[in-house]
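The values are calculated or read from the model by the stated rules, or taken from the named source; none is laboratory data. Predicted, not measured: the structure shown is a model, and the values here were computed from it. Backbone-built Cβ (ideal geometry, glycine too); neighbour counts: all protein chains shown.
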Amino acid sequence: MEIKLNRSTVPFSLEHSLDCGQLFRWEKLGDWWYGVVADRVIKIKQSNERLLFHFFPEIPNQGFIENYLRLDDNLPSIISEIGKDEHIRRAIKLFFGLRLSRQEPWECLISYICATYKSIPAIKKMINNISQRFGKKLTFDGYDFYTFPKPTELAQISPKDLRSCGLGFRAERVLETAKIVDSGELVLEYLERLDYHEAKRELLVLPGVGQKVADCVLLFSLEKLEAFPIDVWMKRVATKLYASHFDSSFVKRVSSKGSITPKEYATIGSFGREYFGRYAGYAQEYLFHLLRTQQEH
């Protein structure tokens with residue numbers, strides 16, 4: 001199956017979108033990217049203005065790919081709105097075609113609870129360990145893949161078994177959250193109907209969900225494109241690239257320490273939403289990827 005893209009109206013880069021740090025279940029094997037999404041393996045590659053893809057088990061569903069990769073977002077318009085200064089314009093130019101994804105809320109939530117104080121390779125390892133241990137095996141193209149366990153499956157696992165996946169202190173938080181979601185006490189999909197602040201308040205009640213985890217889940221799986229997650233990279237973005245937008249005492253204080261307080265987080269997040277507007281989350285991802293890749297090279 002394939003999707004034909006018109007780069008002038010639907011700019012898209014598969015490489016940048018899958019490898020920008022928002023997703024943890026994709027791997028490039030040869031010329032193809034493989035990922036597990038919604039209990040299926042997806043094999044996909046981009047050839048100029050063509051997206052070639054296969055599902056396993058097969059479902060002839062072009063719309064699923066278009067939805068997952070947010071090909072319906074008007075990226076030229078979004079870029080026009082967020083491209084307010086030289087820093088974000090540089091990131092847009094370097095990673096042109098990067099799009100956010102529409103992740104499944106449950107897996108996204110657990111992935112970002114696991115992400116606390118961890119690097120991207122470590123997060124990928126934890127998620128793969130959980131899936132391999134408690135998910136369903138799918139063999140495709142000679143490779144083994146594993147689905148992510150449902151809330152009802154994770155809720156029945158012992159803390160010891162979950163810690164064996166490398167989660168450490170996160171194991172209890174994941175289990176408690178699984179029990180809450182499994183019981184129906186919180187319906188993640190319902191949060192899409194709420195506004196950003198209401199949805200965030202609901203998420204912050206969950207064990208292991210702080211400001212950053214909540215913002216990531218809202219941005220990547222619950223349609224809150226104004227969410228502006230702050231981690232160590234975005235703290236550097238704020239204090240180095242956008243320092244003039246804050247009091248000098250704030251910049252000095254935040255720059256001198258590793259973690260930030262909830263109030264400091266709120267200050268930077270409010271700046272992001274007010275400065276970049278309704279698509280602040282897109283600006284966040286471009287800037288995050290810019291600083292992360294600069295540091296790596």
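Scanning region 278-297 for residues that are touching an Asp or Glu at 6+ places or on another chain (Cβ under 6 Å) and within 16 Å of ARG89 (Cβ to Cβ), we see that the one that is surrounded by the most Cβ atoms within 10 Å (Cβ to Cβ) is ALA280.
With respect to LEU52, is the statement that it is buried (at least 16 other Cβ atoms within 10 Å of the Cβ) and not assigned by TED's automatic domain parsing to the domain that holds GLY142 true? No.
If I go through region 123-152 residue by residue, how many of them are surrounded by fewer than 16 Cβ atoms within 10 Å (Cβ to Cβ) and not in a loop (DSSP other than H, G, I, E, B)? The total comes to 7.
Is it the case that some residue within region 87-99 is at pLDDT 95 or above and over 20 Å from ARG292 (Cα atoms)?
Taking region 87-99 and keeping what is at pLDDT 95 or above, we get 87-99.
Pick out the ones that are also over 20 Å from ARG292 (Cα atoms) and you get none.
No, because not a single residue in region 87-99 is at pLDDT 95 or above and over 20 Å from ARG292 (Cα atoms).
If the condition is being under 23 Å from LYS200 (Cβ atoms) and buried (at least 21 other Cβ atoms within 10 Å of the Cβ), then region 155-172 contributes only ARG170. Determine whether GLU172 is closer than 30 Å to LEU5 by Cα and either without any contact (Cβ under 8 Å) to a residue 24 or more places away in the chain or not in a loop (DSSP other than H, G, I, E, B) (or both). It is false that GLU172 is closer than 30 Å to LEU5 by Cα and either without any contact (Cβ under 8 Å) to a residue 24 or more places away in the chain or not in a loop (DSSP other than H, G, I, E, B) (or both).
Looking only at residues in region 14-37 that are among the small types (Gly, Ala, Ser) and within 22 Å of ALA227 (Cβ to Cβ), which one is surrounded by the most Cβ atoms within 10 Å (Cβ to Cβ)?
Start the filter on region 14-37 by keeping residues that are among the small types (Gly, Ala, Ser), which leaves 17, 21, 30, 35.
When the remaining residues are screened for being within 22 Å of ALA227 (Cβ to Cβ), the result is 17, 21.
Numbers: SER17: 22, GLY21: 15.
Filtering region 14-37 for residues that are among the small types (Gly, Ala, Ser) and within 22 Å of ALA227 (Cβ to Cβ), the one surrounded by the most Cβ atoms within 10 Å (Cβ to Cβ) comes out as SER17.
The criterion of at least 2 residues that are surrounded by fewer than 13 Cβ atoms within 10 Å (Cβ to Cβ) and out of contact with any Gly (no Cβ under 6 Å at 6 or more places or on another chain) is met, among helices (runs of 4 or more DSSP H) falling completely within region 176-262, by 196-203, 248-255.
Out of ARG90, ARG99, report the one residue that is buried (at least 21 other Cβ atoms within 10 Å of the Cβ) and either without any contact (Cβ under 8 Å) to a residue 24 or more places away in the chain or of a type in the set (Lys, Arg) (or both).
ARG99
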